[in-house]
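Just so it is clear, none of the values below were taken in a lab; they were calculated from the coordinates. Computed from a predicted structure; not experimentally measured. Cβ sites come from the backbone with ideal geometry, for glycine too, and all protein chains shown count toward neighbours.
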Amino acid sequence: MKSPEQYETRSVAEHLHELRNKIFTALGVFVVGATITHIFHNQVIRIFFLPLHGRQLVFTSIVDPIVFIFKIDFLVGFLISLPVVSWLVFKFVTPAFKKQNTSKILLFVLSSISLAILAVLYTYFIIAPIMVKILFGIKVFGVENLITAQSYISFLLSLITITAIIFQIPLVMAIGTYWKLINPYSVVKKRGWVYMGIVLSVGMVVPPDMFSHLITIIPTIIIFETSIIICKIIYNKRILK
């Protein structure tokens with residue numbers, strides 16, 4: 001790995017050449033991942049449909065099946081390539097930093113990926129099955145409840161995205177505290193406003209029933225309180241330096 005001084009002396013052309021190589025590598029991994037997914041798309045789709053517990057979905061257009069399959073191919077291809085892309089970004093930017101900061105960047109990347117994986121697992125095995133059961137149980141007089149495959153995937157991706165963002169809260173707060181942008185003791189004094197914001201935010205994105213709110217709000221509050229504890233430890237260490 002080049003030192004920051006050597007990194008700074010490299011020409012713009014060299015930086016662009018390295019960036020181009022890494023972009024092509026990332027695209028190559030994405031294409032391979034999407035191709036493998038397409039070959040085994042039936043097995044992959046079954047995994048996506050597990051939270052449905054056998055409930056049937058429908059297509060509303062003749063082209064929907066092929067569009068749906070390609071959407072799954074691109075989605076899983078992106079997920080497969082994401083660790084490689086993260087590593088390539090890490091390798092590209094770290095030469096510009098001092099060696100002692102490189103380990104901190106690596107820790108940040110690994111922590112973010114780990115939290116995202118936890119968010120996906122929590123959504124897939126807990127939140128999604130419960131919300132699907134609740135939503136399929138809602139009946140409107142005179143209307144047959146037919147859920148399209150496209151809307152289900154969009155719903156599942158929205159849940160995963162929201163949960164992944166929530167699970168990144170400890171990391172964001174820890175970094176903010178480390179750089180002295182956040183004072184955890186000041187945040188504690190405004191805990192009530194934070195809780196109110198959590199309740200209102202959850203209310204806008206989850207089904208309007210108490211159980212769905214609880215399985216989303218309670219983990220969010222636990223994550224927030226855990227973040228406060230971590231931030232206090234970091235803050236106190238920074239003060240003692």
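Before moving on, here are some points about what is shown:
- Summarising the label geometry, the points placed 7 Å from Cα in the beta-carbon direction at Trp179 and Thr35 lie 4.0 nm from one another.
- Multiplying the residue separation of Phe141 and Leu27 by 0.36 nm and subtracting their alpha-carbon distance yields 36.2 nm.
- Full extension of the chain between Arg55 and Leu19 gives 8.4 nm of extra length, using 0.36 nm per residue less the Cα-Cα distance.
- Contour minus Cα-Cα distance for Ile105 and His213 (0.36 nm per residue): 35.4 nm
- Convex hull volume of segment 1-167 per residue (C-alpha atoms, cubic angstrom): 139 Å³
- Estimated from helical segments only, the mean residue ellipticity of the chain at 222 nm is -26000 deg cm²/dmol, where each DSSP H run of four or more residues counts as -39500 (n - 2.57).
- Filter on Lys71/Lys104; Lys71/Lys133; Lys22/Lys71; Lys91/Lys180; Lys190/Lys237 - keep pairs with C-alpha separation over 30 Å: Lys71/Lys104
- With R₀ set to 51 Å, the beta-carbon distance separating Val12 from Ile233 gives a calculated FRET efficiency near 0.75.
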